[in-house]
1. If I model a spin label as a point 7 Å beyond the Cα along the Cα-Cβ vector, how far apart are those points for Glu128 and Ser12 in nm?
2. For the chain, take every pair of Cα atoms, bin their distances at 20 Å starting from 0, and report each bin as a whole percent.
3. Out of region 108-212, which trypsin sites (Lys or Arg not before Pro) are coil in DSSP terms and have no more than 15 other C-beta atoms within 10 Å?
4. Could you give the length gained by full extension between Glu304 and Asn244, i.e. 0.36 nm per residue of separation minus their alpha carbon distance, to one decimal place?
5. Does region 50-179 come out rounded, prolate or oblate, given a ≥ b ≥ c as the square roots of the eigenvalues of its C-alpha gyration tensor, rounded meaning a/c under 1.5 and, failing that, prolate meaning a/b above b/c?
6. By DSSP, what percent of the beta bridges with both residues in region 177-313 are antiparallel, rounded to the nearest 5?
7. Suppose a student asked you for the relative contact order of region 13-144, using Cα pairs under 8 Å spaced at least 6 residues apart; what percent would you report?
8. Between Thr49 and Glu318, how high is the FRET efficiency from 1/(1 + (r/R0)^6) when r is the Cβ-Cβ distance and R₀ = 30 Å? Nearest 0.05.
Amino acid sequence: EVDYERCAASVSGKVVLVTGAAGSIGSELCRQVLRFGPRELHLLDNNETGLFDLSLELRRSGGETVHKSWVADVVEHSRIRKILTEVMPDVVYHAAAYKHVPLMEEHPVEAFRVNVHGTLNVASLSRELGVGTFVLISTDKAVRPTSVMGATKRVAELLVLALSGTAASTRFAVVRFGNVMGSRGSVVPIFMRQIENGGPVTVMHPDMMRYFISIPEAVSLVIQAGAFGGHGQVYMLDMGDEVNILELAERMIRLRGLRPGDDIQVVFTGPRPGEKLREELVADFERMEPTEHPKVMRLASSVEVTESEILRLVEETEAISGQDDDELRRRIHLVVRKFSTGPEGSMEGVEVAR
(Lines give C-alpha, C1' and ligand atoms only; values in the text may rest on other atoms or scores of the structure.)
Protein backbone atom coordinates (compact mmCIF):
# COMPACT_ATOMS: atom_id res chain seq x y z
CA GLU A 1 0.00 0.00 0.00
CA VAL A 2 1.24 3.46 -0.86
CA ASP A 3 0.54 6.72 0.92
CA TYR A 4 -2.27 7.76 -1.43
CA GLU A 5 -2.59 11.30 -0.10
CA ARG A 6 1.12 11.99 -0.41
CA CYS A 7 1.33 10.50 -3.90
CA ALA A 8 -1.73 12.41 -5.02
CA ALA A 9 -0.30 15.65 -3.67
CA SER A 10 2.85 15.12 -5.76
CA VAL A 11 0.98 14.94 -9.11
CA SER A 12 -2.66 16.01 -8.63
CA GLY A 13 -3.48 19.12 -10.66
CA LYS A 14 0.08 19.24 -12.02
CA VAL A 15 1.72 18.87 -15.42
CA VAL A 16 3.50 15.50 -15.65
CA LEU A 17 5.84 14.28 -18.40
CA VAL A 18 6.95 10.65 -18.75
CA THR A 19 9.86 9.75 -21.03
CA GLY A 20 10.01 6.21 -22.35
CA ALA A 21 6.23 6.28 -22.00
CA ALA A 22 5.62 3.37 -24.38
CA GLY A 23 7.82 0.96 -22.39
CA SER A 24 6.73 -1.49 -19.70
CA ILE A 25 7.53 0.84 -16.79
CA GLY A 26 6.72 4.08 -18.61
CA SER A 27 3.26 2.97 -19.73
CA GLU A 28 2.33 1.75 -16.25
CA LEU A 29 3.61 5.05 -14.82
CA CYS A 30 1.21 6.86 -17.14
CA ARG A 31 -1.71 4.65 -16.06
CA GLN A 32 -1.07 5.10 -12.35
CA VAL A 33 -0.24 8.82 -12.53
CA LEU A 34 -3.52 9.35 -14.37
CA ARG A 35 -5.45 7.99 -11.37
CA PHE A 36 -4.08 10.82 -9.21
CA GLY A 37 -5.64 13.45 -11.50
CA PRO A 38 -2.82 15.49 -13.06
CA ARG A 39 -3.88 18.56 -15.02
CA GLU A 40 -1.86 17.42 -18.02
CA LEU A 41 -0.08 14.14 -18.84
CA HIS A 42 2.56 14.19 -21.57
CA LEU A 43 3.85 10.97 -23.12
CA LEU A 44 7.28 11.05 -24.77
CA ASP A 45 8.85 8.18 -26.70
CA ASN A 46 10.52 7.42 -30.03
CA ASN A 47 8.30 4.34 -30.40
CA GLU A 48 5.53 5.78 -32.55
CA THR A 49 3.27 2.72 -32.54
CA GLY A 50 3.62 2.09 -28.81
CA LEU A 51 2.90 5.73 -28.10
CA PHE A 52 -0.18 5.72 -30.33
CA ASP A 53 -1.58 2.57 -28.69
CA LEU A 54 -0.96 3.90 -25.16
CA SER A 55 -2.59 7.23 -26.02
CA LEU A 56 -5.75 5.45 -27.23
CA GLU A 57 -5.84 3.35 -24.06
CA LEU A 58 -5.48 6.34 -21.74
CA ARG A 59 -8.13 8.37 -23.55
CA ARG A 60 -10.65 5.58 -22.95
CA SER A 61 -10.17 6.03 -19.22
CA GLY A 62 -11.93 9.37 -19.36
CA GLY A 63 -11.34 12.06 -16.76
CA GLU A 64 -10.44 15.70 -17.22
CA THR A 65 -6.68 15.26 -17.68
CA VAL A 66 -5.29 16.64 -20.92
CA HIS A 67 -3.15 14.07 -22.79
CA LYS A 68 -0.52 14.79 -25.37
CA SER A 69 1.96 12.50 -27.12
CA TRP A 70 5.42 13.53 -28.27
CA VAL A 71 7.40 11.43 -30.73
CA ALA A 72 10.99 12.31 -29.86
CA ASP A 73 14.42 10.94 -29.02
CA VAL A 74 15.71 12.00 -25.59
CA VAL A 75 19.19 12.40 -27.09
CA GLU A 76 18.13 15.26 -29.38
CA HIS A 77 18.91 18.29 -27.21
CA SER A 78 17.11 20.95 -29.28
CA ARG A 79 14.00 18.79 -29.63
CA ILE A 80 13.82 18.05 -25.90
CA ARG A 81 14.38 21.72 -25.09
CA LYS A 82 11.49 22.70 -27.37
CA ILE A 83 9.17 20.12 -25.81
CA LEU A 84 10.04 20.97 -22.20
CA THR A 85 9.74 24.69 -22.92
CA GLU A 86 6.30 24.20 -24.40
CA VAL A 87 5.08 21.73 -21.77
CA MET A 88 6.74 23.31 -18.69
CA PRO A 89 6.20 20.17 -16.57
CA ASP A 90 6.01 20.18 -12.80
CA VAL A 91 7.14 16.55 -12.64
CA VAL A 92 9.33 14.50 -15.00
CA TYR A 93 9.63 10.72 -14.73
CA HIS A 94 12.62 9.69 -16.84
CA ALA A 95 12.09 6.05 -17.80
CA ALA A 96 13.63 6.19 -21.30
CA ALA A 97 16.60 3.83 -21.49
CA TYR A 98 18.09 0.83 -23.22
CA LYS A 99 17.93 -2.08 -20.79
CA HIS A 100 18.87 -5.38 -22.45
CA VAL A 101 22.27 -6.48 -21.15
CA PRO A 102 23.59 -8.59 -24.08
CA LEU A 103 22.43 -6.12 -26.76
CA MET A 104 24.13 -3.22 -25.03
CA GLU A 105 27.35 -5.24 -24.73
CA GLU A 106 27.25 -5.45 -28.53
CA HIS A 107 26.24 -1.82 -28.99
CA PRO A 108 27.99 0.29 -26.32
CA VAL A 109 27.71 3.44 -28.46
CA GLU A 110 23.91 3.26 -28.26
CA ALA A 111 23.95 2.45 -24.53
CA PHE A 112 26.12 5.50 -23.89
CA ARG A 113 24.11 7.71 -26.25
CA VAL A 114 20.70 6.94 -24.76
CA ASN A 115 21.35 6.02 -21.12
CA VAL A 116 23.99 8.68 -20.46
CA HIS A 117 23.39 11.53 -22.90
CA GLY A 118 19.63 11.06 -22.93
CA THR A 119 19.56 11.37 -19.16
CA LEU A 120 21.91 14.35 -19.22
CA ASN A 121 19.71 16.15 -21.75
CA VAL A 122 16.43 15.66 -19.92
CA ALA A 123 17.86 16.23 -16.43
CA SER A 124 19.93 19.33 -17.25
CA LEU A 125 17.08 20.95 -19.19
CA SER A 126 14.68 20.12 -16.34
CA ARG A 127 16.98 21.96 -13.95
CA GLU A 128 17.44 24.90 -16.32
CA LEU A 129 13.69 25.31 -16.88
CA GLY A 130 12.78 24.93 -13.21
CA VAL A 131 10.94 21.59 -13.26
CA GLY A 132 9.74 20.87 -9.73
CA THR A 133 10.64 17.17 -9.49
CA PHE A 134 12.81 14.96 -11.68
CA VAL A 135 12.79 11.19 -11.04
CA LEU A 136 15.27 8.86 -12.75
CA ILE A 137 14.24 5.22 -13.08
CA SER A 138 17.36 3.13 -12.43
CA THR A 139 18.27 -0.52 -11.91
CA ASP A 140 20.08 -2.85 -9.53
CA LYS A 141 22.46 -3.54 -12.42
CA ALA A 142 23.94 -0.08 -11.69
CA VAL A 143 25.37 -1.46 -8.45
CA ARG A 144 29.04 -2.44 -9.02
CA PRO A 145 28.17 -2.99 -12.69
CA THR A 146 29.78 -5.67 -14.81
CA SER A 147 27.79 -4.83 -17.96
CA VAL A 148 27.74 -1.80 -20.25
CA MET A 149 24.03 -1.37 -19.57
CA GLY A 150 24.55 -1.33 -15.80
CA ALA A 151 27.56 0.97 -16.06
CA THR A 152 25.72 3.50 -18.24
CA LYS A 153 22.81 3.51 -15.80
CA ARG A 154 25.24 4.15 -12.94
CA VAL A 155 26.73 7.07 -14.88
CA ALA A 156 23.16 8.33 -15.35
CA GLU A 157 22.68 8.14 -11.57
CA LEU A 158 25.92 10.05 -11.01
CA LEU A 159 24.85 12.77 -13.46
CA VAL A 160 21.53 13.25 -11.67
CA LEU A 161 23.24 13.41 -8.27
CA ALA A 162 25.77 15.94 -9.60
CA LEU A 163 23.11 18.16 -11.18
CA SER A 164 21.14 18.18 -7.93
CA GLY A 165 24.07 19.85 -6.17
CA THR A 166 23.45 23.19 -7.88
CA ALA A 167 19.71 22.90 -8.51
CA ALA A 168 17.89 25.95 -7.16
CA SER A 169 14.32 24.71 -7.58
CA THR A 170 14.38 21.16 -8.97
CA ARG A 171 14.24 18.19 -6.62
CA PHE A 172 16.16 15.25 -8.06
CA ALA A 173 15.58 11.64 -7.08
CA VAL A 174 16.82 8.27 -8.34
CA VAL A 175 14.71 5.14 -7.84
CA ARG A 176 16.53 1.83 -8.19
CA PHE A 177 14.94 -1.60 -8.42
CA GLY A 178 15.57 -5.09 -9.83
CA ASN A 179 14.01 -7.25 -12.51
CA VAL A 180 10.42 -6.49 -13.37
CA MET A 181 8.16 -9.52 -13.59
CA GLY A 182 6.37 -9.64 -16.93
CA SER A 183 8.16 -6.79 -18.68
CA ARG A 184 9.10 -7.23 -22.31
CA GLY A 185 12.21 -9.39 -22.51
CA SER A 186 11.97 -10.62 -18.92
CA VAL A 187 12.45 -14.29 -18.16
CA VAL A 188 8.88 -15.17 -17.10
CA PRO A 189 7.11 -14.54 -20.44
CA ILE A 190 10.06 -16.19 -22.20
CA PHE A 191 9.66 -19.32 -20.06
CA MET A 192 5.90 -19.30 -20.66
CA ARG A 193 6.35 -19.25 -24.43
CA GLN A 194 8.97 -21.99 -24.28
CA ILE A 195 6.71 -24.23 -22.19
CA GLU A 196 3.75 -23.61 -24.51
CA ASN A 197 5.96 -24.62 -27.45
CA GLY A 198 6.92 -27.89 -25.77
CA GLY A 199 10.38 -26.78 -24.65
CA PRO A 200 13.17 -26.73 -24.14
CA VAL A 201 13.25 -24.11 -21.38
CA THR A 202 16.57 -22.29 -21.50
CA VAL A 203 18.32 -21.29 -18.27
CA MET A 204 21.69 -19.56 -18.37
CA HIS A 205 23.24 -21.06 -15.22
CA PRO A 206 21.97 -23.32 -12.39
CA ASP A 207 23.25 -20.88 -9.74
CA MET A 208 21.84 -17.69 -11.28
CA MET A 209 19.74 -15.66 -8.83
CA ARG A 210 17.59 -12.60 -9.42
CA TYR A 211 15.30 -10.23 -7.52
CA PHE A 212 11.83 -9.71 -8.97
CA ILE A 213 9.06 -7.17 -8.55
CA SER A 214 5.77 -6.78 -10.40
CA ILE A 215 5.30 -3.85 -12.76
CA PRO A 216 2.35 -2.29 -10.84
CA GLU A 217 4.14 -2.60 -7.49
CA ALA A 218 7.39 -1.13 -8.86
CA VAL A 219 5.59 1.83 -10.39
CA SER A 220 3.47 2.57 -7.32
CA LEU A 221 6.64 2.67 -5.23
CA VAL A 222 8.38 4.87 -7.83
CA ILE A 223 5.56 7.41 -7.43
CA GLN A 224 5.85 7.06 -3.65
CA ALA A 225 9.61 7.67 -3.75
CA GLY A 226 9.12 10.61 -6.10
CA ALA A 227 6.71 12.09 -3.60
CA PHE A 228 9.46 12.00 -0.97
CA GLY A 229 11.63 14.08 -3.29
CA GLY A 230 14.78 15.18 -1.55
CA HIS A 231 17.88 16.90 -2.82
CA GLY A 232 19.67 14.26 -4.87
CA GLN A 233 18.33 11.20 -3.06
CA VAL A 234 18.74 7.61 -4.22
CA TYR A 235 15.92 5.27 -3.22
CA MET A 236 15.92 1.47 -3.35
CA LEU A 237 12.70 -0.51 -3.51
CA ASP A 238 12.30 -3.55 -1.27
CA MET A 239 12.78 -6.46 -3.69
CA GLY A 240 12.05 -9.27 -1.22
CA ASP A 241 14.07 -12.49 -1.44
CA GLU A 242 16.28 -13.64 -4.30
CA VAL A 243 14.80 -16.19 -6.68
CA ASN A 244 16.80 -19.04 -8.19
CA ILE A 245 16.10 -18.93 -11.94
CA LEU A 246 16.35 -22.71 -12.35
CA GLU A 247 13.84 -23.27 -9.55
CA LEU A 248 11.56 -20.65 -11.11
CA ALA A 249 11.67 -22.45 -14.48
CA GLU A 250 10.94 -25.82 -12.86
CA ARG A 251 8.03 -24.43 -10.85
CA MET A 252 6.50 -22.88 -13.95
CA ILE A 253 6.76 -26.23 -15.75
CA ARG A 254 5.08 -28.03 -12.82
CA LEU A 255 2.30 -25.43 -12.67
CA ARG A 256 1.34 -26.58 -16.17
CA GLY A 257 1.05 -30.14 -14.90
CA LEU A 258 4.31 -31.17 -16.58
CA ARG A 259 7.54 -32.70 -15.31
CA PRO A 260 10.88 -30.87 -15.70
CA GLY A 261 13.40 -33.05 -17.49
CA ASP A 262 10.76 -35.54 -18.66
CA ASP A 263 7.94 -33.64 -20.36
CA ILE A 264 9.88 -30.40 -20.77
CA GLN A 265 13.66 -30.33 -21.03
CA VAL A 266 15.67 -27.66 -19.20
CA VAL A 267 18.80 -26.64 -21.10
CA PHE A 268 21.68 -24.57 -19.74
CA THR A 269 22.79 -22.10 -22.41
CA GLY A 270 25.67 -20.43 -20.58
CA PRO A 271 25.65 -16.90 -19.19
CA ARG A 272 25.54 -13.92 -21.51
CA PRO A 273 28.38 -11.37 -21.63
CA GLY A 274 28.22 -8.91 -18.74
CA GLU A 275 25.78 -10.93 -16.65
CA LYS A 276 26.34 -11.46 -12.91
CA LEU A 277 25.30 -14.70 -11.27
CA ARG A 278 23.76 -12.61 -8.45
CA GLU A 279 22.64 -9.01 -8.54
CA GLU A 280 23.21 -6.57 -5.69
CA LEU A 281 20.86 -3.93 -4.38
CA VAL A 282 23.30 -1.76 -2.43
CA ALA A 283 26.97 -0.94 -3.04
CA ASP A 284 29.53 -1.19 -0.26
CA PHE A 285 29.79 2.62 -0.09
CA GLU A 286 26.03 2.98 0.41
CA ARG A 287 24.04 2.66 3.62
CA MET A 288 20.33 1.87 3.73
CA GLU A 289 18.15 4.19 5.79
CA PRO A 290 14.41 3.91 6.39
CA THR A 291 11.84 6.27 4.91
CA GLU A 292 8.23 6.85 5.85
CA HIS A 293 7.32 3.84 3.69
CA PRO A 294 8.49 0.34 4.75
CA LYS A 295 9.07 -0.79 1.14
CA VAL A 296 11.21 2.21 0.12
CA MET A 297 14.72 2.68 1.50
CA ARG A 298 16.92 5.74 1.18
CA LEU A 299 20.57 5.09 0.27
CA ALA A 300 23.14 7.31 1.94
CA SER A 301 26.44 7.32 0.04
CA SER A 302 29.98 8.11 1.09
CA VAL A 303 30.85 8.97 -2.52
CA GLU A 304 30.78 12.62 -3.59
CA VAL A 305 30.37 13.59 -7.22
CA THR A 306 30.82 17.09 -8.62
CA GLU A 307 29.14 18.30 -11.77
CA SER A 308 32.34 19.56 -13.39
CA GLU A 309 34.18 16.29 -12.86
CA ILE A 310 31.44 13.93 -14.08
CA LEU A 311 30.76 16.12 -17.12
CA ARG A 312 34.47 16.17 -17.97
CA LEU A 313 34.64 12.37 -17.79
CA VAL A 314 31.50 12.00 -19.90
CA GLU A 315 32.93 14.35 -22.54
CA GLU A 316 36.23 12.44 -22.61
CA THR A 317 34.34 9.17 -23.02
CA GLU A 318 32.17 10.61 -25.77
CA ALA A 319 35.28 11.69 -27.68
CA ILE A 320 36.14 8.07 -28.50
CA SER A 321 32.52 6.94 -29.04
CA GLY A 322 32.11 5.29 -32.42
CA GLN A 323 35.85 4.77 -32.89
CA ASP A 324 36.68 1.75 -30.76
CA ASP A 325 33.93 -0.23 -28.99
CA ASP A 326 36.34 -2.01 -26.66
CA GLU A 327 37.89 1.26 -25.56
CA LEU A 328 34.45 2.79 -25.11
CA ARG A 329 33.40 -0.09 -22.86
CA ARG A 330 36.59 0.37 -20.82
CA ARG A 331 36.09 4.13 -20.48
CA ILE A 332 32.46 3.75 -19.35
CA HIS A 333 33.50 1.36 -16.58
CA LEU A 334 36.37 3.67 -15.59
CA VAL A 335 33.92 6.54 -15.05
CA VAL A 336 31.92 4.32 -12.69
CA ARG A 337 35.04 3.20 -10.80
CA LYS A 338 36.15 6.79 -10.38
CA PHE A 339 33.17 7.29 -8.07
CA SER A 340 33.42 4.01 -6.17
CA THR A 341 35.50 3.02 -3.18
CA GLY A 342 38.19 0.40 -2.70
CA PRO A 343 40.69 -1.03 -5.19
CA GLU A 344 39.44 -1.11 -8.77
CA GLY A 345 36.08 0.29 -7.80
CA SER A 346 35.25 -2.33 -5.15
CA MET A 347 34.67 -5.09 -7.66
CA GLU A 348 36.31 -7.67 -5.40
CA GLY A 349 33.87 -10.43 -4.54
CA VAL A 350 31.50 -9.76 -7.44
CA GLU A 351 30.76 -13.07 -9.12
CA VAL A 352 30.52 -12.49 -12.85
CA ALA A 353 28.98 -15.03 -15.15
CA ARG A 354 31.44 -16.34 -17.72
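1. Placing both labels 7 Å along Cα→Cβ, they lie 3.5 nm apart.
2. Here the calculated profile for the chain is 30, 58, 12, 0.
3. Details: sites: Arg113, Arg127, Lys141, Lys153, Arg154, Arg171, Arg176, Arg184, Arg193, Arg210; in loops: Arg184.
Taking region 108-212 and a limit of 15 other Cβ atoms within 10 Å, the loop trypsin sites (Lys or Arg not before Pro) found are Arg184.
4. On the way: separation 60, 0.36 × 60 = 21.60 nm, distance 3.49 nm.
So the chain would gain 18.1 nm between Glu304 and Asn244.
5. Values: a/c = 1.78, a/b = 1.29, b/c = 1.38.
Judged from the Cα gyration tensor, region 50-179 comes out oblate (a/c at least 1.5, b/c at or above a/b).
6. Details: 11 of 19 bridges.
Given both bridge residues lie in region 177-313, the antiparallel proportion sits at roughly 60 percent.
7. Values: 215 pairs, mean separation 34.9, N = 132.
That works out to 26 percent.
8. Numbers: r = 31 Å, r/R0 = 1.02.
Rounded to the nearest 0.05, the efficiency is 0.45.
The values are calculated or read from the model by the stated rules, or taken from the named source; none is laboratory data. Worth saying up front: this structure is predicted, and the values here are computed from it rather than measured. So basically every Cβ, Gly included, is an ideal-geometry build from the backbone, and we count neighbours across all protein chains shown. Areas reflect the complete protein model, heavy atoms only, side chains present, ligands, DNA and RNA absent. Shrake-Rupley method; radii C 1.70, N 1.55, O 1.52, S 1.80 Å.
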